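Here's the structure we're looking at; comments come further down.
The values are calculated or read from the model by the stated rules, or taken from the named source; none is laboratory data. Note that the structure is a prediction, hence the values are computed from the model and not measured. Quick reminder, even Gly has a Cβ in these numbers, built from the backbone with ideal geometry, and neighbours come from all protein chains shown. These accessible areas exclude ligands, DNA and RNA; they are computed on the full protein's heavy atoms, side chains included. Shrake-Rupley method; radii C 1.70, N 1.55, O 1.52, S 1.80 Å.
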Amino acid sequence: MAITHNLGFPRIGAQRELKFAQEKYWRGEIDSTELATCGKQLRSKHWQQQSPLDFLPVGDFSFYDQVLDMSFALGNIPSRAVNQNNANNTELDTYFRVARGRSSKDTDNSCIHAGEMTKWFDTNYHYIVPEFTQDSTFSLHSEKLLLQISEAKSHGANVKPVIIGPVTYLHLGKEKDTSNKLALLDRLLPVYQQLLAELANAGVEWVQVDEPILVTELDQEWKQALEHSYQFLKNSPVKLLLATYFGPLQDNLAVISQLPVSGVHLDAINAKHEVADLIKSLPASSVVSLGVINGRNIWKTDLSTTLNWLEPIANELQERLWIAPSCSLLHVPVDLESEEQLDPEIKSWLAFAHQKLDELTTLQTALNEGRNKVSSELEANQTAINSRHQSTRVNNPVVQQAVANITPSLGQRQSNFNTRSKLQKEHIKLPLYPTTSIGSFPQTAQIRAARLRYKKDQISESDYTLLMQQEIQYAVDQQEALGLDVLVHGEAERNDMVEYFGEQLQGYAFSQFGWVQSYGSRCVKPPILFGDISRPKAMTVKWTQYAQSLTEKPMKGMLTGPVTILNWSFVRDDQPRSLSCYQLALAIREEVQDLEKAGVNIIQIDEAALREGLPLRQSQWQEYLQWAIESFRISANGVEDNTQIHTHMCYSEFNDIISAIADMDADVITIETSRSDMELLDVFDHFNYPNDIGPGVYDIHTPNTPTQAHIVELIEKAAQRIPAERLWINPDCGLKTRQWEEVIPALQNMVSAAQTLRQQK
Ligand code: GLN
Ligand code: ZN
């Protein structure tokens, strides 16, 4: 008898109810009682939807982030957030202060800094990093979890609390002093022990303890910490299901098989090849939970193929087999049913959280009662799987042939950087310290209103074009007046740097409600890359050409790179990511060449998300970087020597990937550096990075105006590391989230800083 369970359900709500309630609370439009009610209703709805399962997750809901919730449950709260001289300060206020730097009750502007946020493993979810010091102490605050357990029980359900394991919790956190966080383990474990005892008192039988660090490379001391922790918790009065996800265990399989827990969950999508070994290595009494439905993508599971594989395992394990999605469903949209505009054929291939749980119960029935009990479900599933395999919308032989024909020469410029650089200097006349921007200018309410009216068919295409041209004209006039050297059209026509291209490429589909939480109240709606990618016609040329027609200054063409488009999409599971990336690269290459033909001399290809695609294990980085960089090169390098290729990356960690960055061979790279006082350029300096660099000279994420003196100082620091002849002057990132009133004075100071420095030469 296979048992079903779920590791976690998306908390935002099918209509993003949580987001809207959070934001209203932050604006002071609702009070904490109303926010709490929204949370309670969502939880109740989600448990109802999961009710066919044998065990429901509890503790997966959060008003901001589950790691932050764990910090609160463990009494590990940064002291700066607690003391606000405010008599009616509540725990919720403190909570949001750690999450966001302020709470709705902080009327003064004294903003305390928020907890650092970072990527949750290799997903696009971001968590609040726990903070540790040598003096960190822990104490149990389990009220919230216990309350939710009783809520869940009122649904008559078998509850299974979900907590982050002690070792992963420590591993994810950061020391704020020179201490070693591992030394805190012995202070932490008694609190976990107490928590487990309380859960047992609340009538809980099983607790899911998440230790996803088991799919990463672990030093010996962390492996020992795992052994030590679970030995310590061995006699707890509940059964522990140790959950791992996002990848194979590799050498950590030996660690896991020694841990005294009652069950182990393995991601059987990414570690299917380890299932047999895991079963063999676990004690004969252990529960084996297999994540057989992909919790990271939006595709239907091939149920018959899964059953062919799973049936013998179910026979062997009997009631020891649990089945579940591979990881929490936090990473997929809530419900496919709400989609009304998706093409019906494509829709028939998809499964969001609800549909994934339906698949799970179908698998369970087939395993426990025979396939004939669910023959119609299995048949419908097979029809959808076949339709996707065979669809001509998925398979485009011309594109497949083009990828097969890729040769290394496609990724190579005609000449090396030095030669190109000379030709470009003659062709595009630029001063020392050329000034430019990263691409976008403010996305004003006016721009968004025009786009919305166009989408709703309230204005014609030509009216819309006219409105966008006016915006471009405005942006060009402003840049002329500022005296910038390389201009941009401002990206007014773009809703989003990936969606804009996805909408024009064949092989992409868009959902209406396919939201996934990225952090806090922020949700993203990744486009769905479903088929071979082709570009029916030019995507950006007419806007850039129009912008160029308004000025004598060089106009930079602006594109999103293949790796970033890939990394911010739901991707195919029927071919390697690398293949989809090459297809995107060929499409962007065509666009680059069309821009060049249209007389655009400078083309920027943004790769904002290149780093995000790095695999969890460093041993796999090389393979990823190889195809990712090759894809960028294919997209960029089909141009003449005197065309200048720029790329932009809005982050600052280049230490471990600098040689790959150099391999991209972009003529100019613009990066984020202003907050680090240019120290981040050290890595470019030590590597002898050969091409031009535009280190961001001011932080666009704040409304503050940088002073001219500060910018001069930063550029001087940059020039100590990179020869002045190879430096560009630009902001850290695009300006779309700013107001024109902020942008103008900031850029004025930036341009005059460059002028001051030129005069000194
Ligand atoms: N060209 C884009 C812009 O200026 C780049 C955005 C980004 O790097 N995230 O908005
Ligand atoms: Zn950026």
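Work out how much length TYR651 to ASN158 would gain on full extension: take 0.36 nm times their residue separation and subtract the Cα-Cα distance, in nm to one decimal. Each step should come with its number before you reach the end.
Working: separation 493, 0.36 × 493 = 177.48 nm, distance 4.44 nm.
Going from the current span to full extension adds 173.0 nm.
Evaluate the charge dipole of segment 505-653 about its Cα centre and quote only its size in Debye, nearest 20, assuming +1 on the Cβ of each Lys and Arg and -1 on the Cβ of each Asp and Glu.
Working: 14 positive and 16 negative charges, 80 e Å.
So the dipole magnitude of segment 505-653 works out to roughly 380 debye.
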Could you pull out every one of the lysines with an alpha carbon less than 23 Å from that of LYS717, ignoring same-chain neighbours closer than 8 positions? LYS761
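So for segment 183-322, Kirkwood radius off the Cα pairs, Stokes-Einstein at 4 °C and 1.567 mPa s: how many µm² s⁻¹?
Numbers: Rh = 16.0 Å.
Rounded to a whole number, D works out at 81 µm²/s.
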When the accessible area of segment 552-655 is computed with all protein chains present and a 1.4 Å probe, what percentage of it is carbon and sulfur? 43
Amide H of TYR433: which non-local residues (sequence gap of 5 or more, or other chain) have their own amide H closer than 5 Å, using H built in the peptide plane? LEU727
Expressed in nanometres to one decimal, the distance between label points 7 Å along Cα→Cβ at SER415 and HIS113 is 4.7
Using a simple charge model, +1 on the beta-carbon of Lys and Arg, -1 on the beta-carbon of Asp and Glu, nothing else, what dipole does segment 229-320 show about its Cα centre, in debye to the nearest 20? 240
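Taking a probe of 1.4 Å, how large is the accessible area per residue of the chain, in Å²? Mind dumping the intermediate values first?
Working: 30010 Å² over 761 residues.
Computed with neighbouring chains in place, this is 39 Å² per residue.
About its Cα centre, how strong a charge dipole does the chain have in debye, to the nearest 20, once Lys and Arg get +1 and Asp and Glu get -1 at the Cβ? Each step should come with its number before you reach the end.
Numbers: 68 positive and 95 negative charges, 115 e Å.
It works out to roughly 560 debye.
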Can you compute 3J(HN,Hα) from phi for each residue in segment 636-641, using the Karplus curve 6.51 cos²θ - 1.76 cosθ + 1.60 with θ = phi - 60°, rounded to whole Hz and x for Gly and Pro? 8, 9, x, 10, 5, 4
Debye calc, one equal point scatterer per Cα of the chain, no solvent, log10 I(q)/I(0) at q = 0.05, 0.06, 0.11 1/Å comes to -0.27, -0.40, -1.33
For segment 692-731, the percent of accessible surface on carbon and sulfur atoms (probe 1.4 angstrom, ligands and nucleic acids excluded) is 51
Phi-based couplings in Hz for segment 646-656 (Karplus 6.51, -1.76, 1.60; Gly and Pro marked x): 10, 9, 9, 9, 9, 8, 10, 8, 10, 2, 8
With the dipole of the chain worked out from charges on the C-beta (+1 for Lys and Arg, -1 for Asp and Glu) around the Cα centre, which of LEU53, VAL403, GLY638 lies farthest toward the positive end? LEU53
Accessible surface of segment 346-455, 1.4 Å probe, proportion on carbon and sulfur as whole %: 52
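For Cα pairs less than 8 Å apart in space and 6+ apart in sequence, what is the mean separation divided by the residue count of segment 628-748, i.e. the relative contact order in percent?
Values: 168 pairs, mean separation 29.7, N = 121.
The normalised contact order for segment 628-748 reaches 25 percent.
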Which Cα, out of GLN66, HIS710, GLN148, lies furthest along the positive dipole direction of the chain (beta carbon charges, K/R +1, D/E -1)? GLN148
